[in-house]
Structures are given as structure tokens and as C-alpha cells.
Amino acid sequence: MNIKSPIGRLRFLAILEGISYLLFGITMPMKYMLGIPEPNYIVGMAHGWLFILYLLFCFQNIMIHKWSFKTSVLALGASLVPFGTFVADAKIFKPESSS
């Protein structure tokens, strides 16, 4: 993965954003079942910034690669679904980076 290219940076960010989303599966039970809210604040802040960056990087790549409306919606919508950014990386971003 070449993070010097826009698509490479998007791929890297997609993985980080996906991991931050999945970390809520650990921090939410800690907050509500164990009464330990601090990890959720940290993961929440990181996820919020990664989400915004992911969207910005998606828009950058939409403009550079002239993705279709369908591909654009799928790439942007992937950030809303658990495991979505991992699927988008495999199905959209990785093939685009090899072309």
C-alpha cells in the first residue's frame, strides 16, 4: 500500500476508520456494563476525526478518479456500516490502486 498516492492514503485511512469503529464493540460494554467511560471518550474522539478524514479523502478520490455515482455512494456509505470500510478497500480502493 503506497501512502504517497491519494488512493493509498484513502486505503490506509479506511483501515484505521474501520478499526476505530470496531473498537466501540469493546468500549461500549466497558462504559455501560462496567461503568468505565474514559476509553469510549478516547475511541469516540479518534473515530470522529477518522470519519471526517475518510469522507474528505473519499471526495478527493472521487474527483481525481472520476468515480461513478454508484461507486461514490458505496465508498461514502461504507463508513456507516461495520466492516464497510474493509469491504470498500477490497472491492473499490484496492483495484483502483493497481490500475
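The values are calculated or read from the model by the stated rules, or taken from the named source; none is laboratory data. Remember, predicted model here, so these are calculated numbers, not experimental data. Here the Cβ is made from the backbone with ideal geometry for all residues, glycine too, and neighbour counts use every protein chain on show. Areas reflect the complete protein model, heavy atoms only, side chains present, ligands, DNA and RNA absent. Shrake-Rupley method; radii C 1.70, N 1.55, O 1.52, S 1.80 Å.
Going by alpha carbons, how many degrees (0 to 90, nearest 10) lie between the helix axis of 6-32 and the longest principal axis of the chain?
The two axes meet at around 20 degrees.
Only Cα pairs under 8 Å and at least 6 apart count here; give the relative contact order of the stretch 1-83 as a rounded whole percent.
Working: 61 pairs, mean separation 28.0, N = 83.
For the stretch 1-83, the relative contact order is 34 percent.
Using protein chains only and a probe of 1.4 angstrom, how many square angstrom of SER97 are accessible, to the nearest 10?
Only protein atoms counted, so the area is about 50 Å².
Answer with one residue from MET63, ILE19, GLY35: the one whose Cα lies farthest towards the positive end of the charge dipole of the chain, charges on Cβ with Lys, Arg +1 and Asp, Glu -1.
MET63
With just the Cα atoms defining each centre, how far is the stretch 43-68 from the stretch 73-99? Give it in Å.
Each part reduced to its Cα centre gives a spacing of 11 Å.
May I ask for the net charge around LEU13, where only other residues with Cβ less than 15 Å from the Cβ of LEU13 are counted and Lys, Arg are +1 while Asp, Glu are -1? Walk me through the numbers on the way to the answer.
Numbers: positive: LYS4, ARG9, ARG11, LYS94; negative: GLU17, ASP89, GLU96.
Summing Lys/Arg as +1 and Asp/Glu as -1 gives +1.
Taking just the alpha-carbon atoms of the stretch 11-68, what radius of gyration and Dmax come out, in angstrom?
Using the Cα atoms of the stretch 11-68, the pair Rg, Dmax is 14.5, 47 Å.
Across the stretch 21-99, how many lysine pairs, 8 or more apart or on two chains, come within less than 25 Å at their alpha-carbon atoms? Working shown, then result.
Values: LYS66/LYS91; LYS66/LYS94; LYS70/LYS91; LYS70/LYS94.
For the stretch 21-99, the number of qualifying lysine pairs is 4.
Specify the residue with the greatest mean-square fluctuation among LEU55, LEU16, LEU80, computed from a Gaussian network of the chain linking alpha-carbon atoms under 10 Å apart.
Judging by the Gaussian network model, the answer is LEU80.
Using only alpha carbons, build the gyration tensor for the chain and give me the equivalent ellipsoid semi-axes, biggest first, whole Å. Kindly include the intermediate steps, with their values, before the conclusion.
On the way: eigenvalues 164, 29, 24 Å².
Its equivalent ellipsoid spans semi-axes of 29, 12, 11 Å.
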